[in-house]
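First up is the structure itself, then whatever we jot down about it.
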Amino acid sequence: MEKELNALRKDCAARQKKGLHFIIASVLIWALILVVHLTGMNIEQKNLFTFCCSAVLFPVAWGLSKLLKIDFEGKGNPLTKAGILFSVNQILYILIVMWVFAAVPEKMVMVYAMVFGAHLMPFSWLYRSKSYMAFSIFIPIFSLILGLITTPAVLSAAMVVVEAVFAGCLFMECRKMGRSPLS
């Protein structure tokens, strides 16, 4: 049973290239959030547009999956449903971010980044990925510290860098699996 499960996890990681398309898309999303927080809008408007920035995640990830030849749907592997569940659970945590939006608007980006980072942890199991594990712990702690001492724009800029490094780490993991993300 464990052998079959590990084979399914390996297949999922290989066919979906460890979700690299979603992580690259998140670099773009954090860049958009940075642009929003560099504007002269008030914090409530900035936070509203921050939520809007996330709307491009699936279309951008889908486009990247075509470009990088990634099996976006993962049909044929029953663990794909687990991956979807791991992603959808973040929607429940967004309720916390929405509360922060109203209660402490200047800290919404911080909490948003923490939720984003924490939701990555189950993917460390699914993709057998040390990068997902490391970044799922690092991002919430880093976001909390940076978010308490600096502005949402600075945190957003830092998240662009963190996500780019994370994407690079996943790229290297895919290479080690013998599946170059570019082929």
- Task: Check F72, F58 and return the single one that is open to solvent by 80 Å² or more (accessible area, probe 1.4 Å), of a type in the set (F, W, Y) and at negative phi.
- Result: F58
- Task: Taking V88 as the residue in question, decide whether it is open to solvent by 50 Å² or more (accessible area, probe 1.4 Å) and at pLDDT below 95.
- Result: yes
- Query: Can you spot a residue in segment 126-140 that is of a type in the set (V, I, T), at pLDDT below 95 and either touching a His at 6+ places or on another chain (Cβ under 9 Å) or surrounded by fewer than 20 Cβ atoms within 10 Å (Cβ to Cβ) (or both)?
  - Reply: no
- Query: Quick one: how many residues across segment 115-173 are assigned to a loop (DSSP other than H, G, I, E, B) and among the β-branched types (V, I, T)?
  - Reply: 2
- Note on A102: of the conditions (1) over 15 Å from F51 (Cβ atoms); (2) open to solvent by 60 Å² or more (accessible area, probe 1.4 Å), unmet is (1)
- Message: Just to check your reading of the model, which residue among V27, V88, V36 is closer than 24 Å to R128 by Cα and either touching a Lys or Arg at 6+ places or on another chain (Cβ under 7 Å) or in contact (Cβ under 8 Å) with a residue 60 or more places away in the chain (or both)?
- Response: V27
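The values are calculated or read from the model by the stated rules, or taken from the named source; none is laboratory data. Quick caveat, the model's predicted, so the values are computed rather than measured. Every residue, glycine among them, receives a Cβ derived from its backbone with ideal geometry; neighbour counts consider all protein chains shown. For the accessible areas, the whole protein counts, side chains as well, though only heavy atoms, and no ligand, DNA or RNA atoms are used. Shrake-Rupley method; radii C 1.70, N 1.55, O 1.52, S 1.80 Å.
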